[in-house]
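Heads up, the thing below is written out as structure tokens.
The values are calculated or read from the model by the stated rules, or taken from the named source; none is laboratory data. Please read these numbers as outputs of a predicted model, since none were measured by experiment. All Cβ positions, glycine included, derive from the backbone under ideal geometry; neighbour counts span all protein chains shown. Accessible surface areas use protein heavy atoms only, side chains included; no ligands, DNA or RNA. Shrake-Rupley method; radii C 1.70, N 1.55, O 1.52, S 1.80 Å.
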Amino acid sequence: TVAEHGQFDKKLLDYALRVCQNLIVSRKFREKALRLMVDLYKQLDQPDWLVISQCLMYLDEPASVADILTTLLGKDSDSILLAYQIAFDLFENEQPQFLTKVSDYVEKSLKTKSESAPATAEAASSDADADAATQEGAEPMDADTTPPAAGADTTTVASSEASRETGERRSDSKVDKLLSILQGDVPIKLHLEFLYSNNHTDSTILKNLKGSVETRNSVCHSAIILTNALMHMGTTVDTFLREHLDWLARATNWAKFSATAGLGVIHRGQLSQGQYLMAPYLPSEGSSGSPFSEGGALYALGLMHCDKGKVISEFLLQSLRNATSEVVQHGACLGIGLATLGTDDEEVFEDLKNVLYTDSAVAGEAAGIAIGLLAVGTGSDKTEQMLAYAHDTQHEKITRGLALGCALVMYGREESADPLILQLCQAQNPILRYGGMFAIGLAYSGTMSNFAIQKLLHFAVSDVSDDVRRAAVMCLGFVMYSQPEQCPHTVQLLSESFNPHVRYGVAMALGIACAGTGMKEAMNILTTLSKDAVDFVRQGALIATSMVLLQQPESKVAPFRKKLDKIVSDKHEDVMCKMGAIISVGLIDAGGRNVNIRLRSRNGFPRLLSVVGMAVFTQYWYWYPLSYFMSLPLTPTALIGLNENLDMPKFSVTSKCKPSIFAYAEPVAYANNIVASKAPTAVLSTTAKAKARAAKKEKEEAKKTGGAAEDTGKETKMEIEEATSTKKEGEEDAQAAKSEQPKVEENKETKQNPTRVVPAQEKYIEYESGSRFVPIGGSDGASSASMGIVMLKDNEPGKEVDIVSISTPVNTAIGDDDTEPPPPEPFEYIPDTD
């Protein structure tokens, strides 16, 4: 109707876009509506290229996005900034393969232009030569005027060539910057610097955890190592591990595998130094180390490079081919799956298939998951081969890995995934039906599809397998995270189910759908579940609560922290519940207290890497090493402003609320913050009676021996002491009132670039009026520019710019302590003359 009448403005189109994202169920109709909206946005007086490029990304049209970017690069400085902003927004959606295609198209189009430019110049010069020759033929006797004309032509050609070279250099610089954004180099580096410089992890919390858990308990030991990895995710700070190497060495076998993998989470984003950092643990020729540490190191490389795996994929592939141990194969498969996410590379698929066909339970499970990661969201026909082998194998682990792999392949496919979903849901094997639940959840991820919700609810109450019922309820969170307020009342009745697996599923569904929202309705249900009689239900409730409370004001989080302390230090608490509490401690302070879980981008589109990471993390129920996938959905809550040179200028924004509301949590002031639950001391009845008799006897004797005179003396003395103390107290109160007048906290806070801005704080962020730097979205600063990486327009381009300098962290491998201390400062030695 809007298109027919031609009466529309940007506000109406923005509303229509939100309807497309949240209400339209049919994928085909949604795509048709988005294509129409792209055309309508282009018809505006000032087309919104940011929104247009996001719609084209969803429609999978990389060539159109590349055309927009190359066109903007050829215009004025504001358009160049807009091109960079579009690239940063596209990177935020975590669609690595789409960005790779856009980069290739940009390079091709600019290469074509650069090739056509010299050809045009040559044609122009040949035309000029022909004209000169014609002139010479027409006037052969006019020799005096020819030399000056030739000199003038030479000067003009030289100056035009010089200007063209300068223009090409400038153009190459712009293109290089754009490609570095699209390929992830710049945003990954900025996030790494932000997490390193703003790290507010409290190491005392980890020391308390270590001191309150028995060293013999391997489950809790591994959970503390995971907590350390999550708390330092992306900060490159591994001090805790270096200081407690003897304690870390207690990890054996698969615990050692997980501990090594944790280094990949801590150093996530260290693209240039990743292989060097993990070198002591990686498999090498001529030396045979522990297969567990070697496999864990390969897995760590995948976690470290999950944003940009091209630089490491060849090394991981070669390591997989050379591996003889199933443990090393397991780590290599998981690493390759992360590094080649969504590439659908046939060579990698063949290598993973070869590992799968060895019929090793450990390696086969990882190969099944890796194939799913390799072809995630492609809807590939590889699922036929995967299902065929899942029916043939006798190993439940391989079947489960392949079932989850099939679900990952169908990510975001919606109606086109229905045939595979039907096949999985009708299978006799409960493990395949389990995969069918995840296929529904991932295929209809964030769509609020009634079909998907009804199907999952049906299996949640009717299937004979507890695993299937648990997965069905859990996957409601994946379908409903686009409208988290709908999830609590959908699962309210299921939270009262007699089946503990269903109750656990409810907790995780709320954690997934309401992550980072602090929603009151979700918290009410989770509070009830955290008091459940079954240990694993309490475990799920604690983990889900930490996900919901992530980046919330400390006034909400403080009571939950105390509860976790009490559970961890209680020696009589179940191990499962204690493990959940330890992981929750890591989640609530993840990434140096600077990250949040976001399954949707700020533009409303699903974030592939985050959703996939969350789905694989839930498999920790069967296999603890997969819990490290939790690092994938964790995204920095940063506001980073950049100028045209992609440098961070010094500028500030104002937060229009009290600083204490969204401030970092206060550090733990003492090292033994252990709430020990002491059993009451047993008192015998005879002892109590004897004490009572003795006390009664003493009182009677005191009364007989002139107690009255003593009492009179005591009363007089007490009255004098009371008068003196009252006088002193009055003087002290008066002095305290003068010296300690309560300071009124301001209702605003100035935050310097780069800064932490939590989701609940976004609406309070304002750019200062008359500021030199404003976001390219508008002069007053659009609300969408209050978080993330923002391109800034310089209103005073002639002036010198102060740049924020943050040193990039450089670390050595753990145990590599051969570095010498620096020499002392120069000093003058004066010997004693005495």
So is GLY604 small (Gly, Ala, Ser) and touching a strand residue (DSSP E or B) at 6+ places or on another chain (Cβ under 6 Å) or not? no
Neighbours by Cβ (under 7 Å, 6+ apart or cross-chain): first from the stretch 295-318, modelled with pLDDT of 90 or more; second part of a helix (DSSP H, G or I) and among the charged types (D, E, K, R): GLY296/LYS256; LEU317/ASP351
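Find the helices (runs of 4 or more DSSP H) located wholly in the stretch 326-410 whose residues include 3 or more that are crowded, with 24+ Cβ neighbours inside 10 Å and among the basic types (Lys, Arg), and list them.
none
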Determine whether LYS75 is assigned to a loop (DSSP other than H, G, I, E, B) and either out of contact with any Pro (no Cβ under 7 Å at 6 or more places or on another chain) or in contact (Cβ under 8 Å) with a residue 24 or more places away in the chain (or both). yes
Residues that are in contact (Cβ under 8 Å) with a residue 12 or more places away in the chain, among the charged types (D, E, K, R) and surrounded by fewer than 24 Cβ atoms within 10 Å (Cβ to Cβ): does the stretch 476-490 have at least one? yes
Could you list, in sequence order, all residues of the stretch 491-518 that are outside any helix (DSSP H, G or I) and either touching a His at 6+ places or on another chain (Cβ under 6 Å) or open to solvent by 30 Å² or more (accessible area, probe 1.4 Å) (or both)? GLN492, LEU493, PHE498, THR517
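I need a count of the residues in the stretch 759-778 that are of a type outside the set (S, T, N, Q), within 11 Å of SER655 (Cα to Cα) and surrounded by 14 or more Cβ atoms within 10 Å (Cβ to Cβ).
Summing the residues that are of a type outside the set (S, T, N, Q), within 11 Å of SER655 (Cα to Cα) and surrounded by 14 or more Cβ atoms within 10 Å (Cβ to Cβ) in the stretch 759-778 gives 6.
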Residue match in the stretch 165-184 (condition: buried (at least 22 other Cβ atoms within 10 Å of the Cβ), out of contact with any helix residue (DSSP H, G or I) (no Cβ under 9 Å at 6 or more places or on another chain) and either of a type in the set (D, E, K, R) or part of a helix (DSSP H, G or I) (or both)): no
Checking VAL464 against (1) surrounded by fewer than 17 Cβ atoms within 10 Å (Cβ to Cβ); (2) not in a loop (DSSP other than H, G, I, E, B), which test does it fail? (2)
Answer residue from the stretch 268-326, given it is over 21 Å from LEU341 (Cα atoms) and among the charged types (D, E, K, R) and is nearest to the chain's Cα centre (by Cα) among those: GLU294
In the stretch 633-661, which residues are under 27 Å from GLU94 (Cα atoms) and assigned to a loop (DSSP other than H, G, I, E, B)? PRO633, THR637, ASN643, GLU644, ASN645, LEU646, ASP647, MET648
Does SER53 fit the bill of being closer than 22 Å to LEU99 by Cβ, at pLDDT 90 or above and touching an Asp or Glu at 6+ places or on another chain (Cβ under 8 Å)? yes
Here is a check on your reading of the model: is ILE720 in contact with a helix residue (DSSP H, G or I) (Cβ under 7 Å, 6 or more places away or on another chain), of a type in the set (Val, Ile, Thr) and either modelled with pLDDT of 65 or more or open to solvent by 100 Å² or more (accessible area, probe 1.4 Å) (or both)? no
Checked pairs for the stretch 791-804, first surrounded by fewer than 16 Cβ atoms within 10 Å (Cβ to Cβ), second at pLDDT below 85, C-beta under 6 Å and 6 or more apart or across chains, list as ASN795/ARG772; GLU796/ARG772
For the stretch 816-833, does any single residue satisfy the condition of being of a type in the set (Phe, Trp, Tyr), at pLDDT 65 or above and not in a strand (DSSP E or B)? yes
Here are some residues: ALA229, ALA223. Which one is in contact with a helix residue (DSSP H, G or I) (Cβ under 9 Å, 6 or more places away or on another chain), under 19 Å from LEU277 (Cα atoms), open to solvent by less than 10 Å² (accessible area, probe 1.4 Å) and not basic (Lys, Arg)? ALA229
If a residue must be surrounded by 17 or more Cβ atoms within 10 Å (Cβ to Cβ) and of a type in the set (Lys, Arg), how many such residues does the stretch 281-318 contain? 1
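In this structure, does GLY184 turn out to be at pLDDT below 90 and either of a type in the set (Lys, Arg) or within 30 Å of PHE88 (Cβ to Cβ) (or both)? So that I can check it myself, show each step before the final result.
Numbers: at pLDDT below 90: yes; either of a type in the set (Lys, Arg) or within 30 Å of PHE88 (Cβ to Cβ) (or both): yes.
It is true that GLY184 is at pLDDT below 90 and either of a type in the set (Lys, Arg) or within 30 Å of PHE88 (Cβ to Cβ) (or both).
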Outside any helix (DSSP H, G or I) and either under 21 Å from SER601 (Cα atoms) or over 28 Å from the mean Cα position of the chain (by Cα) (or both), is that true of LEU81? no
